[in-house]
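Participant: First the structure, which I've put down as structure tokens, then a few questions once you've had a look.
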Amino acid sequence: MSAKECDYSLYLVTDSTPAILGDKDLVSVVKSAVEGGVTIVQYRDKTSETADLVRIAKEFHEVTKAAGVPLLINDRVDVALAAGVEGVHVGQDDLDLETARKLLGPDAIIGVTANSEDEALKAAKNGADYLGIGTVFATPTKENTKSIIGTAGVQQILNSLASAGHDVKTVCIGGINASNAQRVLYQTTSPKKKLDGIAVVSAIMASSYPAAAASDLQKLIANPPPFA
Ligand code: TZP
Ligand code: MG
């Protein structure tokens, strides 16, 4: 399976802040999460210096590569290139998708944050491999988010992507954990399109048992929700 055809079902976004990571070792948490069943990892770090970002990205990559799990870098195309990882995730205020694609090439995985139908349609049209849709629920992990769109907002975005004929992959993010993951998947699904996965930060990064947290989430995702 090429990196492009990757499994988005359980998408881990890392967080190195003490409020979430506690005194755990960052690379060990990622290793445990991958062992527990995370299928794709995004290294998100808003504070480290560039040289540290590249060094940590390379450490992550040793772990993810061995497991066949793609590694993406948040915001920083230069760091992705320097570390030789599989791709990037860019927000609406980051380097634009077209430039990121030019720099990284056709085989790179490029994801874009989408908060609205317009943002989603534009990113899909411009060749994003996947969209990170959100914020679904309010979360202390990222307080300065734009609007909270709920599961209904995610479903509306999925519907308009399907109506426009886009088969872009989709995950959603924001406040998702083991107690609501199945509901999120169920409530966002429409006859036209369903999410390819869920993205979490604190549900895994803040856990004292990241491998168990990941495998519990993976079981919930893999089993049909009991709502239907
Ligand atoms: N983008 C939208 S919400 C969010 C990001 C990076 C943080 C999600 O964190 P958590 O802990 O999974 O709610
Ligand atoms: Mg960003």
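Since every read-out is calculated from the coordinates, none of them should be taken as a lab result. Owing to the predicted nature of the structure, the values given are computational and were not obtained by experimental measurement. Cβ coordinates were reconstructed from backbone atoms using ideal geometry, including for glycine residues, and neighbour counts include every protein chain displayed.
Participant: I'd like the residue in the stretch 46-89 that is among the acidic types (Asp, Glu) and more than 16 Å from ligand 1 (Cβ to nearest atom) and, out of all such residues, is surrounded by the fewest Cβ atoms within 10 Å (Cβ to Cβ). Break it down stepwise before answering.
Facilitator: At the first step, the residues of the stretch 46-89 found to be among the acidic types (Asp, Glu) are 49, 52, 59, 62, 75, 78, 86.
Next, only the ones that are more than 16 Å from ligand 1 (Cβ to nearest atom) stay: 49, 52, 59, 62, 78, 86.
Details: 49: 8, 52: 13, 59: 16, 62: 11, 78: 15, 86: 24.
Across the stretch 46-89, the extreme among qualifying residues is 49.
Participant: To continue, here is another question. Which ones in the stretch 57-98 are touching a Lys or Arg at 6+ places or on another chain (Cβ under 6 Å) and within 21 Å of residue 123 (Cβ to Cβ)? Talk me through it step by step, then tell me what you get.
Facilitator: Taking the stretch 57-98 as the starting set, the residues that turn out to be touching a Lys or Arg at 6+ places or on another chain (Cβ under 6 Å) are 63, 74, 83.
74 - this is the single residue of the stretch 57-98 that is touching a Lys or Arg at 6+ places or on another chain (Cβ under 6 Å) and within 21 Å of residue 123 (Cβ to Cβ).
Participant: Within the stretch 46-67, which residues are of a type in the set (A, V, I, L, M, F, W, C), within 24 Å of residue 35 (Cβ to Cβ) and more than 19 Å from the chain's Cα centre (by Cα)?
Facilitator: Of everything in the stretch 46-67, just one residue is of a type in the set (A, V, I, L, M, F, W, C), within 24 Å of residue 35 (Cβ to Cβ) and more than 19 Å from the chain's Cα centre (by Cα), namely 66.
Participant: To continue, here is another question. So for the stretch 15-29 (the condition being surrounded by 19 or more Cβ atoms within 10 Å (Cβ to Cβ) and in contact (Cβ under 8 Å) with a residue 40 or more places away in the chain), does at least one residue qualify? Before the answer, list the steps.
Facilitator: Taking the stretch 15-29 and keeping what is surrounded by 19 or more Cβ atoms within 10 Å (Cβ to Cβ), we get 15, 29.
The next check asks that each one be in contact (Cβ under 8 Å) with a residue 40 or more places away in the chain; those that pass are 15, 29.
Yes, the stretch 15-29 has at least one match.
Participant: Moving on to the next point. So which residues in the stretch 90-125 are away from ligand 1 (no atom under 15 Å from the Cβ), over 21 Å from residue 40 (Cβ atoms) and not hydrophobic (A, V, I, L, M, F, W, C), if there are any at all?
Facilitator: 96, 98, 99, 102, 117, 118, 122, 125 - these are the residues of the stretch 90-125 that are away from ligand 1 (no atom under 15 Å from the Cβ), over 21 Å from residue 40 (Cβ atoms) and not hydrophobic (A, V, I, L, M, F, W, C).
Participant: Let me ask another. Within the stretch 124-228, which strands (runs of 3 or more DSSP E) (wholly inside it) include 3 or more residues that are touching a residue at least 24 places away in the same chain (Cβ under 8 Å), within 18 Å of residue 7 (Cα to Cα) and within 16 Å of ligand 2 (Cβ to nearest atom)?
Facilitator: Once the strands (runs of 3 or more DSSP E) in the stretch 124-228 are filtered for at least 3 residues that are touching a residue at least 24 places away in the same chain (Cβ under 8 Å), within 18 Å of residue 7 (Cα to Cα) and within 16 Å of ligand 2 (Cβ to nearest atom), what remains is 130-133.
Participant: Listed residues 50, 39, 99; which is in contact with an Asp or Glu (Cβ under 6 Å, 6 or more places away or on another chain) and not basic (Lys, Arg)? Talk me through it step by step, then tell me what you get.
Facilitator: On the way: 50 fails: in contact with an Asp or Glu (Cβ under 6 Å, 6 or more places away or on another chain); 99 fails: in contact with an Asp or Glu (Cβ under 6 Å, 6 or more places away or on another chain).
On inspection, the qualifying residue turns out to be 39.
Participant: Those residues that are surrounded by fewer than 17 Cβ atoms within 10 Å (Cβ to Cβ) and more than 14 Å from ligand 1 (Cβ to nearest atom), I need them from the stretch 157-186; list them, please.
Facilitator: Selection gives 159, 162, 163, 164, 165, 167, 183, 186.
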